[in-house]
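J.: Below is a structure I'd like to ask you about.
Only the coordinates and a few stated rules stand behind these numbers; no lab work does. These numbers come from a predicted model, not from an experiment. Neighbour counts are summed over all protein chains in view; Cβ atoms, including those assigned to glycine, are modelled from backbone coordinates with ideal geometry.
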Amino acid sequence: MKITAAETIVTSPGRNFVTLRITTEDGITGLGDATLNGRELSVDSYLRDHVVPLLIGRDAGRIEDTWQYLYRGAYWRRGPVTMAAIAAVDMALWDIKAKAAGMPLYQLLGGASRTGALAYGHASGRDTPELFDSIRAHLDAGYRAIRIQTGIPGLDSVYGVAASAAGGGERYDYEPARPTAVPVEETWDTRAYLRHIPTVFEAVRAEFGPELPLLHDGHHRMTPIQAAKLGKALEPYDLFWLEDATPGEDQTALRLIRQHTTTPLAIGEVFNHVHDYTTLLSERLIDYVRSAVTHTGGVTAMKKLLDLAAVYGVKSGMHGPTDISPVGQAAALHLDLAIHNFGIQEYMRHSADTLEVFRTSYRFENGLLHPSDTPGLGVTLDDTAAARFPYQQAYLPVNRLTDGTVHDW
Ligand code: GCO
Ligand code: MG
């Protein structure tokens, strides 16, 4: 089954997405997500200029060989752009193989290990009453696990907090990269954050009780000793996980955090390779792997990474904000259903415009996600709808400390 065409589709239905579509000689098409938030066109160029020409004429069925050919053949290893491009090819080829087999992808990955994937949603509020409203809206929408992000007294705008309470309910607008010529700059104060967060979790537990799984994202802003302190302070509130407590590329920093706290740790959304995790896994320094299929070389690489994690008793917690396209999200759901060491899946609903471009078949019922039994990944792309939303330059914010020093965002 030869590949006869491959093309990228860049569209911006509320935020930018890059998708690769591969077509075979018998007319089967496969989709792959290549979206790298804020750096989208670099992956589009990598695919169009350096990968698409190599795909034409190749056997679409040779997924592992194509992966190795693109990875080793480029000579230059790893990195978010390369690995997102390889991921898109890999996803599209799995989509094609599963469609040709007439099966949903999870069947080719070993079949279902569970009835559905536990999903967590994003509650946020500028203050505690607004946060409580958001938690209630998520519970009403069926979520059984909830991430908590909140405003910090003294700071104007904080990561993970929806810009406005307008509309209530599940908010998907907390962090689209913003369509500005240069990134918006925010101000950050870690000590103010460390003072405030434990009081918020205390209030949430008092209001919503002990059972609800609660998560929190530190978004790379703490030093190891600050993270250790926060993990310890949050122990009474029994978090499901504390995510990205420190910038994760410093793998050995996690030793210090681990020595001081039993709060479970999750890391890896900005990683793109199994070698980013070797110390974290072999020393059992984390509890959850946060990589996205989209950013880690696709289904092939993600399955290997999660199998290695399983050896050390570490579970999955795949990245699933709205900058992962519905194609990338579907790929995650097939893996979630099939692997044994599934932990949880992040799930923010995409906007109505996004879901008009990407027609999904996955379902969210009783707090669980299911990829559906549609052959392949189960997502189609409507070209006419995509063409209505041209690319818009957009950037994630840049963070500065109160004295002006650039900090991790
Ligand atoms: C998460 C992430 C996202 C990232 C975003 C950047 O936990 O979902 O931290 O919110 O900030 O993916 O593009
Ligand atoms: Mg995160």
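J.: How would you classify the chain from its alpha-carbon gyration tensor, with a ≥ b ≥ c the square roots of the eigenvalues: rounded for a/c under 1.5, else prolate if a/b is greater than b/c, otherwise oblate?
T.: It is prolate, given that a/c is not under 1.5 and a/b is the larger ratio.
J.: OK, next. Ordered by packing density, taken as the mean number of other Cβ atoms within 10 Å over each peptide's residues, highest first, how do 21-33, 362-374 rank?
T.: Peptide ranking by packing, descending: 21-33, 362-374.
J.: Among 135-145, 270-280, how do they line up by average Cβ neighbours within 10 Å per residue, starting with the highest?
T.: By packing density, highest mean first, the sequence is 270-280, 135-145.
J.: On to the next question. With 5 Å bins from zero, work out the P(r) of region 331-405 over every alpha carbon pair and list the percent per bin.
T.: So the P(r) values, bin by bin, are 3, 11, 17, 17, 15, 12, 11, 7, 6, 2, 1.
J.: Let me ask something additional. If you wrap a convex hull around the C-alpha atoms of region 250-409 and split its volume per residue, what is the figure in Å³?
T.: 159
J.: Describe numerically, in nm with one decimal, the distance between label points set 7 Å from Cα along Cα→Cβ at ARG349 and at LEU401.
T.: Label-label distance for ARG349 and LEU401, simple model: 4.1 nm.
J.: Over the chain, calculate the relative contact order: mean separation of alpha carbon pairs under 8 Å at least 6 apart, over the residue count, as a percent.
T.: Contact order relative to length: 23 percent.
J.: Let me ask something else about it. Want the number for LEU256 to ASP127: 0.36 nm per residue separation, take away the alpha-carbon distance, what's left? Kindly include the intermediate steps, with their values, before the conclusion.
T.: Numbers: separation 129, 0.36 × 129 = 46.44 nm, distance 3.15 nm.
Length gained, LEU256 through ASP127: 43.3 nm.
J.: Something else: With Kirkwood's inverse mean 1/r over C-alpha pairs for Rh, give me the Rg to Rh ratio of region 3-105, two decimals please.
T.: Value, to two decimals: 0.96.
J.: With each label point set 7 Å from Cα along the Cα-Cβ vector, what nm distance links ARG363 and GLU202?
T.: Distance between label points: 4.4 nm.
J.: Under Stokes-Einstein, with the Kirkwood radius over Cα pairs standing in for Rh, what whole-number D in µm²/s applies to region 203-338 at 20 °C and 1.002 mPa s? The partial results should precede the final answer.
T.: Details: Rh = 15.3 Å.
Answer, rounded: 140 µm²/s.
J.: In degrees from 0 to 90, rounded to the nearest 10, what is the angle of the helix 63-73 Cα long axis to the longest principal axis of the chain?
T.: Tilt of helix 63-73: around 80 degrees.
J.: Still on this model: Given R₀ = 30 Å, what would the calculated FRET efficiency be for ALA163 paired with GLN68, taking r from the Cβ atoms and rounding to 0.05?
T.: My answer for the efficiency is 0.10.
J.: Pairing the Cα long axis of helix 190-208 with the longest principal axis of the chain, what angle in degrees results, from 0 to 90 and rounded to the nearest 10?
T.: The helix 190-208 is inclined about 90 degrees to the chain.
J.: Sorted by average packing, counted as other Cβ atoms within 10 angstrom per residue and highest first, what order do 194-201, 226-233 take? Provide the component values of the computation, followed by the final result.
T.: Numbers: 194-201: 17.4, 226-233: 20.1.
Sorting 194-201, 226-233 by mean packing, highest first, produces 226-233, 194-201.
J.: Rounded to the nearest 20 Debye, what is the dipole magnitude of the chain about its Cα centre when Lys and Arg each give +1 and Asp and Glu each give -1 at the C-beta?
T.: Rounded to the nearest 20 debye, it is 700 debye.
J.: Sticking with this structure for a sec: What number in nm² do you get for region 185-236 if you take the convex hull of its Cα atoms and divide its surface by four?
T.: With every direction weighted equally, the projected area is 4.2 nm².
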